[in-house]
Amino acid sequence: MQDLGTPQVADPKLVPLAGRIYITFNTGHSAHSPNGLYLMQVWPQIGVPQKCELDGRQTVEKNWAFYMPPHGTLSAIYSLEPLTQLRLVQGQLDDGKSLHFERIMSAASNTISQSLSIGTQMAFVDSGTAYMVAHEKPRLRSKRGYLGRIVRLDFDSAGAAAITVGSKRLIHSFAKLILMGQRHNPNLLWAVYFPGIVVDGNDVLLSYGINDLEFAFAEIPLDTIWP
């Protein structure tokens, strides 16, 4: 990636768009300047990283959930609270140049906590319904943990999304919530971090990291974790 102008790759995730597979990632945390968030085609051929731009963005961007709606313009979920959607307004996938987005819809929710953030990309089960795993981040003083929560997004005919959060919390095990010895990240209580989800009928395949030290996969019936 350094040869392509991206010195660091953090939080990589695969996302299908228009019959192709892309990877989205950011360039990590920077104390001196905003980091970068990118899309890059990896199948059927390897492309080049395209920087995703947005006016008024946060200094450190982690995850946008990209999707291609029926009208065909590249879009993204920017945040869950407020639920904010983006649309590509300048640039084109796979032309090697920056992609410029604008906010098109933003709505606060009375039921979604601000501690909930985007985890996985979205897994669409039809053109108007998708699931993702969001990250819930409980805090204790200056430290925080990461847990998974299933989220469903329903899109109306105009493309506006509505969000519903599942009631169950996803962890690897209670034992893994207690870190023994030195922590990889001293600011974490624990971390069960979800980068991938596939939904096939009632089967859900999840990939996740454990405390920044291990990883695992789990296949779970959807009706056991939703709602």
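The values are calculated or read from the model by the stated rules, or taken from the named source; none is laboratory data. What you see is a predicted model, and the numbers here were worked out from it, not measured in a lab. So basically every Cβ, Gly included, is an ideal-geometry build from the backbone, and we count neighbours across all protein chains shown. Heads up: the accessible areas ignore ligands, DNA and RNA and are worked out on the full protein's heavy atoms, side chains in. Shrake-Rupley method; radii C 1.70, N 1.55, O 1.52, S 1.80 Å.
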Which condition number does Ile171 fail, the rest of (1) over 27 Å from Ser75 (Cα atoms); (2) in contact (Cβ under 8 Å) with a residue 40 or more places away in the chain being met? (2)
Among the listed residues Gln121, Gln114, which satisfies the condition of being surrounded by fewer than 16 Cβ atoms within 10 Å (Cβ to Cβ), within 23 Å of Ala10 (Cα to Cα) and under 18 Å from the mean Cα position of the chain (by Cα)? Gln114
Six or more apart or on different chains, Cβ atoms under 8 Å: show the pairs whose first residue is in region 126-146 and closer than 20 Å to Asp11 by Cβ and whose second is of a type in the set (A, V, I, L, M) and assigned to a loop (DSSP other than H, G, I, E, B). Ala130/Met122; Tyr131/Met122; Met132/Met122
Restricting attention to region 209-224, does a residue exist that is surrounded by 13 or more Cβ atoms within 10 Å (Cβ to Cβ), in contact (Cβ under 8 Å) with a residue 60 or more places away in the chain, under 20 Å from Asp11 (Cβ atoms) and in contact with a Pro (Cβ under 9 Å, 6 or more places away or on another chain)? no
Can you name every residue in region 30-46 that is open to solvent by 20 Å² or more (accessible area, probe 1.4 Å) and within 22 Å of Leu14 (Cβ to Cβ)? Tyr38, Val42, Trp43, Pro44, Gln45, Ile46
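Going by the conditions given, is Tyr78 closer than 17 Å to Ile21 by Cα, buried (at least 18 other Cβ atoms within 10 Å of the Cβ), in contact with a Phe, Trp or Tyr (Cβ under 9 Å, 6 or more places away or on another chain) and aromatic (Phe, Trp, Tyr)?
On the way: closer than 17 Å to Ile21 by Cα: no; buried (at least 18 other Cβ atoms within 10 Å of the Cβ): yes; in contact with a Phe, Trp or Tyr (Cβ under 9 Å, 6 or more places away or on another chain): yes; aromatic (Phe, Trp, Tyr): yes.
The answer is no for Tyr78.
Just checking, does region 53-61 include any residue being touching a helix residue (DSSP H, G or I) at 6+ places or on another chain (Cβ under 9 Å) and open to solvent by less than 80 Å² (accessible area, probe 1.4 Å)? Break it down into steps so the answer makes sense when it comes.
Initial filter on region 53-61 (touching a helix residue (DSSP H, G or I) at 6+ places or on another chain (Cβ under 9 Å)): none.
No, every residue in region 53-61 fails to be touching a helix residue (DSSP H, G or I) at 6+ places or on another chain (Cβ under 9 Å) and open to solvent by less than 80 Å² (accessible area, probe 1.4 Å).
Could you tell me which residue of region 18-29 is modelled with the highest pLDDT, considering only residues that are within 16 Å of the chain's Cα centre (by Cα) and either outside any strand (DSSP E or B) or surrounded by fewer than 17 Cβ atoms within 10 Å (Cβ to Cβ) (or both)? If you could, list the steps in order and put the result at the bottom.
Step one: filter region 18-29 for residues within 16 Å of the chain's Cα centre (by Cα), giving 21-28.
Of the ones still in play, those that are also either outside any strand (DSSP E or B) or surrounded by fewer than 17 Cβ atoms within 10 Å (Cβ to Cβ) (or both) are 21, 27-28.
Details: Ile21: 98, Thr27: 95, Gly28: 91.
Among those residues, the one meeting the criterion is Ile21.
Could you tell me which residue of region 125-143 is nearest to Pro70 (Cα to Cα), considering only residues that are among the small types (Gly, Ala, Ser) and over 17 Å from the mean Cα position of the chain (by Cα)? Can you show your working first?
At the first step, the residues of region 125-143 found to be among the small types (Gly, Ala, Ser) are 127-128, 130, 134, 142.
Add one more test, that the residue is over 17 Å from the mean Cα position of the chain (by Cα), and what stays is 127-128, 142.
Values: Ser127: 7, Gly128: 9, Ser142: 43 Å.
Looking at residues that are among the small types (Gly, Ala, Ser) and over 17 Å from the mean Cα position of the chain (by Cα), I get Ser127.
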Output the qualifying pairs, or none if there are none: Cβ atoms under 8 angstrom, residues six or more apart or on different chains, first residue in region 182-205 and in contact (Cβ under 8 Å) with a residue 60 or more places away in the chain, second residue of a type in the set (Asp, Glu). Tyr193/Asp212; Pro195/Asp11; Val204/Glu219
Consider Ala134 carefully, then state whether it is at negative phi, touching a Lys or Arg at 6+ places or on another chain (Cβ under 8 Å) and at pLDDT 95 or above. yes
From (1) farther than 18 Å from Ile150 by Cβ; (2) touching a Phe, Trp or Tyr at 6+ places or on another chain (Cβ under 9 Å); (3) assigned to a loop (DSSP other than H, G, I, E, B), pick out the condition that doesn't hold for Gly72. (2)
Checked against (1) free of Cβ contacts under 8 Å to residues at least 60 places away in the same chain; (2) in contact with a His (Cβ under 9 Å, 6 or more places away or on another chain); (3) not in a strand (DSSP E or B), Ser113 satisfies every condition except (2)
Residue pairs within 6 Å by beta carbon, gap of at least six or interchain, first lying in region 73-100 and acidic (Asp, Glu), second loosely packed, with under 13 Cβ neighbours inside 10 Å and not in a strand (DSSP E or B), listed first then second, are Glu81/Gln114
Going through region 88-102 one residue at a time, which ones are in contact with a Lys or Arg (Cβ under 8 Å, 6 or more places away or on another chain), closer than 17 Å to Gly159 by Cβ and open to solvent by 40 Å² or more (accessible area, probe 1.4 Å)? Glu102
